[in-house]
Amino acid sequence: MTQENEHIAAVKQVIRDLIAAGTGFDIDQLERIYHDDLQVLMIDEDGHVNEANKDAFKGMFQSKLDAGDPPLNTWADFNRIDADAHIAHVLVMRKVKLMEDEQNLTLSIDLVHEGGRWQVTREVIFVRPCD
């Protein structure tokens, strides 16, 4: 396996771990994967943008855990992964019930290799209703 493929495989596994942590409300794992300077931008179908930092975004998953919500859908379709030894970018489509209804999400995720591991620094999430 080439060095580039090793980076891509490692990043893809981190995103799979992130999906597992988010869908199962594993706050400790989210703490590990999300960078301290995490920025999350959610853009809805009307163009409204909501912004969250690491604590706020983890808080959303914590509230689902506290409410006893069932695990979220783990479906994911990886569209593209670019990675070198230091930075990475992932485009992935998901179907998730973050709010009241299940939604189609297209995520643009930036990662940095820091502290001996890959960490998510930014998620830009485009939200559309399911068809």
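The values are calculated or read from the model by the stated rules, or taken from the named source; none is laboratory data. None of the values given here were measured: they were computed from a predicted structure. Ideal geometry is used to build each Cβ from the backbone, glycine not excepted, and the neighbour counts take in all protein chains shown. Quick note on the areas: whole protein, heavy atoms, side chains included, nothing else; ligands and nucleic acids left out. Shrake-Rupley method; radii C 1.70, N 1.55, O 1.52, S 1.80 Å.
Over the chain, accessible surface divided per residue gives 56 Å², non-protein components excluded, 1.4 Å probe. Protein-only accessible surface at a 1.4 angstrom probe places the residues Ser63, Ser108 in the order Ser63, Ser108, largest first. When DSSP beta bridges are restricted to pairs lying wholly in the chain, around 85% turn out antiparallel. Rg then Dmax, both in Å and based on the Cα atoms of the chain: 14.3, 45.
Protection proxy ranking, highest mean first, for peptides 39-45, 70-76: 39-45, 70-76, where packing is the per-residue count of other beta-carbon atoms within 10 Å, averaged.
Beyond 20 Å, what share of the Cα-Cα pairs of region 16-84 remains, rounded to the nearest whole percent? Counting pairs separated by more than 20 Å, the tail of P(r) holds 39 percent. Label-to-label distance, Ala10 versus His86, with points set 7 angstrom from Cα along the beta-carbon direction: 1.4 nm.
Converting phi to 3J(HN,Hα) with the Karplus coefficients 6.51, -1.76 and 1.60 and the offset θ = phi - 60°, region 11-21 yields 5, 4, 5, 4, 5, 4, 5, 5, 4, 4, 5 Hz in sequence order, with x at every glycine or proline. Extension gain for Asp36 to Phe126 (0.36 nm times residue separation, less C-alpha to C-alpha distance): 30.2 nm.
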